[in-house]
Amino acid sequence: KAAERFAFIAYSHTPDDVVVTYCNGLRGRAWPKERKMEAPEPTTRRRLQVYLHEVAHIVLNHVGKKPVHVQEMEAEQWSFAIMRAEGVSVPRKSIRNAKRYVAKKIRRAMMNGALRIDPKAASFAKR
């Protein structure tokens, strides 16, 4: 039952023109310009979150206009907001993992010589 519900939620938030390819594991990837994404089949709550995270990159049109750490924070927040709006609880562990992930992207940006770190992303990663 849960797997069907998660699939319904995922598909109802995926734009019709997006080509989705399922992949193994809990990783995904999105190509917003090409309207393509790879994600795990949304059969569990965690897989749904990863799937929605990739949809977010497309829906939010993340095509390099913003720093990666900002794009990742926005995708995490969007996926959590959709899950909550659909009545799916977001475990604290998922939120901690999202914050660590954004913090990692911030560290990478700094190592690569970023002149500015977005304050909202920095705050998100620290909370």
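The values are calculated or read from the model by the stated rules, or taken from the named source; none is laboratory data. Given the structure is predicted, the values throughout are model-derived calculations rather than measurements. Here the Cβ positions follow ideal geometry from the backbone for every residue, glycine too, while neighbour counts run over all protein chains shown. For accessibility, only protein heavy atoms count, side chains too; no ligands or nucleic acids. Shrake-Rupley method; radii C 1.70, N 1.55, O 1.52, S 1.80 Å.
Pairs needed: first member in region 20-42, on the phi > 0 side of the Ramachandran plot; second member anywhere, open to solvent by 70 Å² or more (accessible area, probe 1.4 Å) and in a loop (DSSP other than H, G, I, E, B); C-beta distance under 7 Å; at least 6 residues apart or different chains.
From region 20-42, the pairs are 35/17.
Output the residue which, of all residues in region 38-50 that are of a type in the set (A, V, I, L, M, F, W, C) and under 16 Å from residue 98 (Cα atoms), is surrounded by the fewest Cβ atoms within 10 Å (Cβ to Cβ).
50
Go through (1) under 23 Å from residue 14 (Cα atoms); (2) assigned to a helix (DSSP H, G or I); (3) open to solvent by 50 Å² or more (accessible area, probe 1.4 Å) and name the single condition residue 96 misses.
So residue 96 meets the others, but not (1).
Scan 35, 5, 29, 107 and give me the residue that is within 27 Å of residue 126 (Cα to Cα), open to solvent by 60 Å² or more (accessible area, probe 1.4 Å) and out of contact with any Cys (no Cβ under 9 Å at 6 or more places or on another chain).
One residue alone meets the criteria, 107.
Within the bounds of region 62-71, is there any residue that is more than 17 Å from residue 29 (Cα to Cα) and open to solvent by less than 20 Å² (accessible area, probe 1.4 Å)?
no
Report those helices (runs of 4 or more DSSP H) wholly inside region 1-87 carrying at least 1 residues which are acidic (Asp, Glu) and either within 22 Å of residue 112 (Cβ to Cβ) or in contact with a strand residue (DSSP E or B) (Cβ under 9 Å, 6 or more places away or on another chain) (or both).
45-59, 68-85
Please pick out the residue among 85, 121, 75 that is closer than 29 Å to residue 12 by Cα and open to solvent by 30 Å² or more (accessible area, probe 1.4 Å).
85
Of all residues in region 61-109, which are farther than 29 Å from residue 1 by Cα and among the small types (Gly, Ala, Ser)? Quick ask: steps written out before the conclusion?
Just the residues of region 61-109 that are farther than 29 Å from residue 1 by Cα, to begin with: 61-74, 99-109.
Selection gives 64, 103, 109.
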